[in-house]
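A short worksheet on the structure shown next.
The values are calculated or read from the model by the stated rules, or taken from the named source; none is laboratory data. This is a predicted model, so every value here is computed, not measured. Cβ coordinates were reconstructed from backbone atoms using ideal geometry, including for glycine residues, and neighbour counts include every protein chain displayed. These area figures cover heavy atoms from the full protein model, side chains too; ligands, DNA and RNA do not enter into them. Shrake-Rupley method; radii C 1.70, N 1.55, O 1.52, S 1.80 Å.
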Amino acid sequence: MAFLLPLPGRNLSMKFVSPFVLLFCCAALFVQCQQHQAANKKSNKQSEVRYAKGFSIHTQHNYSIVTIRDPWPNATQTYTYVLAKKNAAIPDSLNSYPLIHVPVRKLVATSTTHLPSLDMLGESNSLVGFPNLKYISSPKIRARIDQGLVTELGNNQNMNTELLLNLRPNVIIGYGIDNKNSALDKLQQSGLPVLLNGDWNEQSPLGKAEWIKLFGVLFCKEAQAEKVFKAIEKSYLSTAALVKKSAHKPTVLSGALYQDQWFLPQGQSWAAQFIDAAGGTYLWKDSPGTGSLSLPFEAVYEKAANANFWIGPAQFGSYQEMEQSSSHYTKFAAFRHKKITTFSSKKGKTGGLIYYELAPNRPDLVLRDLVKILHPELLPSYQLYFFEPLR
């Protein structure tokens, strides 16, 4: 039995189509549908964020939806932004969200942790303003500052709105420590595009580094950002695998006294995770929380008097400084045996700590440093990058 189909320009009753022709047409239609679905899938996808908990990227055709979660501890609100290329068709349902045009050409950052992503993506020249320029250590950006190409914006909590309006940045990368962001609210009310960055609140070492993918979307360099992150991830994981060869896990103390209280990382914090990954036994690894502990000297001494290593003794750069500050420090075995290492002595051209700027973006280097400190036999030729023995 034949199937009756209409043909263009012909009366329905005049023509019959064989089953073979119909089958061919159906097959062609099926292929077209599959191709259309594949194209939609390609232009409507969730960018892979594997470690970071604080953001997600949903990519559509010519625009992306970025959602920021947990920009500060205990945040209850999420923040959504639309990052759109020129002439992108944005659905009406997204009109209530802030719109940022990409690729970004002029950017204002507010934290030094934002800057390594610019360097690694080849976008250092996009930075046009920053509060407290003296804290910047990046050689590339310092060169631009020396040429007068980056504007000093004053205090982070009260940036100069007039200067910002004159700069006309495509985006201001802001951050908050709580839900009271009067400075950022003021900038947004002035019509300036602000995007919150919560990298500082991320706890996973690789999670912090993965925020480069947000900058990849801002500069339309998603593939390059992914490539950079994968190299960091590979380096980090290969170093962590080295440590598994060693059964020895030396004990570690951290922090220092401040106004009669000893401040040190909690057991689930970013710093504590590094010590664990480097094959050390952080003596407060079982303490809950991701922030810092505040303990009396006696409690710290009781637990860590004989710790094998002391990593990160606050701002101190020498044993003499520590002893002059408090004779309590001299009672620890790590002090007596000269087993204290610090990152506070490595600074940029104008005094900014390189560790604070770059370490969150390069956890692989931090981990290699700590493995070199705790298990030097595993990395015999490696030279410390952020840390060095206390003088």
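See the values below:
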item	result
Choice from 292, 137, 182 showing the highest fluctuation, given a GNM over the chain with Cα pairs closer than 10 Å	182
Rounded to the nearest 10 Å², the accessible area of residue 337 at probe 1.4 Å	120 Å²
Where 238, 111, 96 fall by accessible area, highest first, once all protein chains stay in place (1.4 Å)	96, 238, 111
Angstrom value of the Kirkwood radius, inverse mean 1/r, which spans all Cα pairs in the chain	24.2 Å
Alpha carbon convex hull of region 278-356, projected area averaged over orientations, nm²	6.4 nm²
Highest-MSF residue in the chain out of 188, 203, 147 [GNM, Cα springs under 10 Å]	147
Size of electric dipole in region 286-391: Cβ of Lys, Arg +1 and of Asp, Glu -1, about Cα centre, debye, nearest 20	320 debye
Residue of 92, 119, 185 that the Gaussian network model of the chain assigns the largest fluctuation, springs spanning Cα pairs under 10 Å	92
Chain lengthening between residue 235 and residue 149 when straightened (0.36 nm per residue, less Cα-Cα)	27.5 nm
Sequence of 228, 217 when ordered by accessible area, the most exposed leading, probe 1.4 angstrom	228, 217
Debye equation applied to the C-alpha atoms of region 97-179, log10 I(q)/I(0) at 0.11, 0.14, 0.16, 0.25 Å⁻¹	-0.27, -0.44, -0.58, -1.42
Per-residue SASA entry for residue 50, accessible area with 1.4 Å probe, Å² rounded to 10	80 Å²
Value of relative contact order over the chain, rounded to a whole percent, pairs C-alpha under 8 Å and six or more apart	14 percent
Accessible-area value, residue 141, 1.4 Å probe, nucleic acids and ligands omitted, Å²	0 Å²
Unsatisfied cross-links (Cα-Cα over 19 Å) in the set 213/234; 106/221; 134/213; 85/186; 303/339; 285/338	134/213; 85/186; 285/338
